[in-house]
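The values are calculated or read from the model by the stated rules, or taken from the named source; none is laboratory data. Predicted model, so just to flag it, every value in this text is computed and none were measured. Here Cβ is always computed from backbone atoms with ideal geometry, including for glycine, and neighbour counts include all displayed protein chains. Protein only, heavy atoms only, side chains kept; ligands, DNA and RNA dropped before computing areas. Shrake-Rupley method; radii C 1.70, N 1.55, O 1.52, S 1.80 Å.
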Amino acid sequence: MVMSSHLRDSRRRRPAGQVRGDAALGVLCILATLACVAGLIATYYFFVRTTTGQYIDESALVEAVAIHGPTGKAATRFLDWLPTVSLVVGAVVVLFVTVIRKRWRAAGIAVGACVGANIATQVLKALLPDRPFRGVETLELNSLPSGHTTLAASAAAAVFLMASPRWRPFAGFAGGSFAIISGVSTVVNQWHRPADVIAAFLLVGAFVIPAGWLIIRTGNAWNVWDGFGGHWASSRWWLRLPGLICLVFAAAAAFLLTRYVPGEGGSGTSYFWGGISLIVVAGYLAAVATTALFAFAARRRAGDSPASSGTRR
């Protein structure tokens with residue numbers, strides 16, 4: 001009874017603006033999660049169930065042979081080390097932040113989201129039906145989503161979730177870059193098609209966003225910052241740079257993937273580079289959107305009482 005009374009009193013003490021902000025954040029997180037799920041379904045349907053999508057996806061995979069020389073060897077070495085690097089970097093950062101900052105609950109949520117995303121990837125790969133024949137010569141086995149990309153993206157996401165708000169813009173850009181390099185390497189090495197990588201990004205997003213909402217709700221004391229520009233890691237350029245990259249690669253993808261028509265001869269490596277461009281756009285767009293969402297979610301330090309703001313971190 002005493003505890004329930006205390007909780008009721010604390011709710012009554014919360015400013016009306018904060019209550020409205022919590023509600024707005026909840027709505028945004030729900031919409032963002034649904035967008036990831038819808039994007040995952042659309043990616044599967046277009047690239048697996050339609051002739052045009054299969055042609056683009058398979059052509060990108062086949063054309064990867066043309067650049068599989070030294071680049072392919074480097075990609076193979078990177079992929080061999082990827083599970084170890086992802087797990088070690090993610091574990092070290094999460095454990096360091098957890099022990100130093102005492103963010104045990106946040107660590108549990110972040111690790112749970114990471115594990116959940118990887119389990120969901122393997123379940124989807126097993127349950128989704130094989131690729132139907134649509135007139136395109138392709139392997140029938142389902143390879144969507146990419147397990148390696150899911151591992152890399154989820155490890156980067158765990159670091160992002162555990163980081164203080166002022167570090168998240170940089171963590172989002174660095175983690176997004178790591179996930180993109182991992183995904184591109186699987187295509188270069190002909191382990192996966194571009195759609196498999198994009199699906200992995202979307203799947204991780206569907207787990208990370210609800211987990212981030214829980215971390216914000218349960219770690220309100222340390223999810224506070226001075227806004228963009230208060231620290232080098234919170235510069236707006238960590239959003240502007242990937243945003244500009246997205247625009248460039250989106251234009252490249254539009255040009256490369258509409259330049260050639262199925263059945264009218266080879267395209268060299270246009271579909272490969274078009275697929276790579278789609279991966280870059282999807283990866284950085286996800287990083288920018290997630291960083292912007294969590295920047296909105298974090299409280300501003302100005303105007304908070306010392307007791308509610310916590311120490312500067």
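With respect to the conditions (1) buried (at least 23 other Cβ atoms within 10 Å of the Cβ); (2) under 17 Å from the mean Cα position of the chain (by Cα), PRO210 falls short on a single one, namely (1). Residue count for region 84-104 under the criterion of being open to solvent by 40 Å² or more (accessible area, probe 1.4 Å) and more than 17 Å from the chain's Cα centre (by Cα): the result is 13. For region 91-108, the criterion of being over 27 Å from TRP238 (Cα atoms) and touching a residue at least 60 places away in the same chain (Cβ under 8 Å) is met by at least one residue. Taken over region 105-125, the criterion of being open to solvent by 80 Å² or more (accessible area, probe 1.4 Å) and either over 23 Å from the mean Cα position of the chain (by Cα) or closer than 17 Å to TRP191 by Cα (or both) is satisfied by GLN122 alone. Taking the criterion of being touching a Leu at 6+ places or on another chain (Cβ under 9 Å) and at pLDDT 95 or above, the residues of region 212-251 that qualify are PRO242, GLY243, CYS246, PHE249, ALA250. When ARG134, ARG217, ARG193 are screened for being of a type in the set (Lys, Arg) and closer than 20 Å to ALA286 by Cα, only ARG193 passes. Residues of region 208-230 that are touching a residue at least 24 places away in the same chain (Cβ under 8 Å) and in a loop (DSSP other than H, G, I, E, B): GLY219, ASN220, ALA221, TRP222, ASN223, ASP226, GLY227, PHE228, GLY230.
Every test in (1) closer than 16 Å to GLN190 by Cβ; (2) outside any loop (DSSP other than H, G, I, E, B); (3) more than 13 Å from the chain's Cα centre (by Cα) is passed by THR149 save one, and that test is (3).
Collect the residues in region 165-207 that are surrounded by fewer than 22 Cβ atoms within 10 Å (Cβ to Cβ), part of a helix (DSSP H, G or I) and polar (S, T, N, Q), keeping them in residue-number order. Correct list: SER177 only.
Within region 20-50, if we keep just the residues that are among the β-branched types (Val, Ile, Thr), open to solvent by less than 70 Å² (accessible area, probe 1.4 Å) and in a helix (DSSP H, G or I), the residue that is modelled with the lowest pLDDT turns out to be VAL48.
The lone criterion from (1) in a helix (DSSP H, G or I); (2) within 19 Å of ALA113 (Cβ to Cβ); (3) open to solvent by 20 Å² or more (accessible area, probe 1.4 Å) left unmet by LEU247 is number (2).
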